[in-house]
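Read the structure below first, then the notes.
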Amino acid sequence: MEDSFLKPRRVYDLAVEGGINTLTRPQYIRLTKPALHPDSTPKPISKASVVVNDGKTNMVFRETTTAGVYTVTNLNDPNYNYAYTLTIKYDNKTYTAVDTLRQVVNIVDDFLPLSARQRSETKTVDGTIPKHTFGYVNPNKWFIAYQDIPLWNPAKFDQTKYYSYTHILGSPNSLYPLNNLKRTFTLGQDDYISIYKISLSENYAKYLYAVFMETDWSGLFSSVPVNVEGNISGNAQGYFSVSDVDMRRYKAREL
């Protein structure tokens, strides 16, 4: 092994995170310059032009007090099954991305990707939330909040560790270490748990599946990691997503 870190073969101009959701009026997109060394962190990109067209109007984002994070208030109704187009102009270059808004199936009409067991002797509920569940009819992201885990907030880009996913495809390989990708909880029977179900377009679901093939599902017999291409044109990385969101609140004993 070499004792120095090799510079990546491809150096991206910028990375894109975030997009449009139907649950909140404020929308957020973060632009960063990817880090080139394990000891460094991505740098925020300021003074960029960020515009999203939802098929009806242009939504012009403005940079917030947090460098690299852009926001706009979306007052339009969801444009289901139509394309939303992102246009970024920065450093005399233009980057575009397109994603389609797919309507989410209500939580009450679908299976929850968790298991729960009530303990009568302690009046508590023990639960397990796997990070990945396979064989669903529709692909979705889920955000499950309780106790010290905060509610879902699209302005917070550090909440990815709390997401879980349901996939229409099967488990990629029985050799991959899937068993430990879960979190557990113990709640009082009357404690509340908030569940967010977030729709994924077909292309976004494929992108995430490809990402997990290089991260969560990599193992001893995996191939050499590759760059997973997002939907941002030009020399950029990431994925601009458009999602429908359903949110329900339950008492733990109702799970």
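The values are calculated or read from the model by the stated rules, or taken from the named source; none is laboratory data. All values derive from a computational prediction rather than experimental measurement. Ideal geometry is used to build each Cβ from the backbone, glycine not excepted, and the neighbour counts take in all protein chains shown. All accessible areas refer to the heavy atoms of the entire protein, side chains included, with ligands and DNA or RNA removed. Shrake-Rupley method; radii C 1.70, N 1.55, O 1.52, S 1.80 Å.
Laid out as a table, the results:
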read-out: Sole exception among (1) in contact with a Ser or Thr (Cβ under 8 Å, 6 or more places away or on another chain); (2) over 30 Å from Ala252 (Cα atoms) for Lys56, by number; value: (1)
read-out: Residue that is of a type outside the set (Val, Ile, Thr), modelled with pLDDT of 85 or more, surrounded by 14 or more Cβ atoms within 10 Å (Cβ to Cβ) and closer than 22 Å to Arg30 by Cα, where the choices are Gly188, Gly234, Gly238; value: Gly238
read-out: Residue within segment 88-103 that is among the polar types (S, T, N, Q), touching a helix residue (DSSP H, G or I) at 6+ places or on another chain (Cβ under 8 Å) and under 19 Å from Tyr207 (Cβ atoms) present; value: yes
read-out: Condition met for Leu112 (touching a Leu at 6+ places or on another chain (Cβ under 9 Å), outside any strand (DSSP E or B), open to solvent by 40 Å² or more (accessible area, probe 1.4 Å) and in contact (Cβ under 8 Å) with a residue 24 or more places away in the chain); value: yes
read-out: Residue that is over 22 Å from Tyr12 (Cα atoms), in contact with a Lys or Arg (Cβ under 8 Å, 6 or more places away or on another chain), open to solvent by less than 60 Å² (accessible area, probe 1.4 Å) and in contact (Cβ under 8 Å) with a residue 12 or more places away in the chain, where the choices are Thr71, Thr32; value: Thr71
read-out: Top-ranked residue in segment 35-67 [being touching a strand residue (DSSP E or B) at 6+ places or on another chain (Cβ under 6 Å), among the small types (Gly, Ala, Ser) and within 30 Å of Tyr80 (Cβ to Cβ); ranked as most open to solvent (accessible area, probe 1.4 Å)]; value: Ser49
read-out: Matching option when the condition is in contact with a Leu (Cβ under 9 Å, 6 or more places away or on another chain), of a type in the set (Asp, Glu) and surrounded by fewer than 18 Cβ atoms within 10 Å (Cβ to Cβ), among Asp126, Asp148; value: Asp126
read-out: Total residues in segment 129-140, condition in contact with a strand residue (DSSP E or B) (Cβ under 7 Å, 6 or more places away or on another chain) and either closer than 28 Å to Asp77 by Cα or modelled with pLDDT under 95 (or both); value: 8
read-out: One residue from Ser164, Ser171 being in a strand (DSSP E or B) and surrounded by 12 or more Cβ atoms within 10 Å (Cβ to Cβ); value: Ser164
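This table checks each residue for (1) more than 16 Å from the chain's Cα centre (by Cα); (2) modelled with pLDDT of 95 or more; (3) on the phi > 0 side of the Ramachandran plot.
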| position | (1), (2), (3) |
| --- | --- |
| Trp142 | no, yes, no |
| Gln147 | yes, no, yes |
| Leu151 | no, yes, no |
| Ala155 | no, yes, no |
| Tyr163 | no, yes, no |
| Ser171 | yes, no, no |
| Pro177 | yes, no, no |
| Ser194 | yes, yes, no |
| Leu200 | no, yes, no |
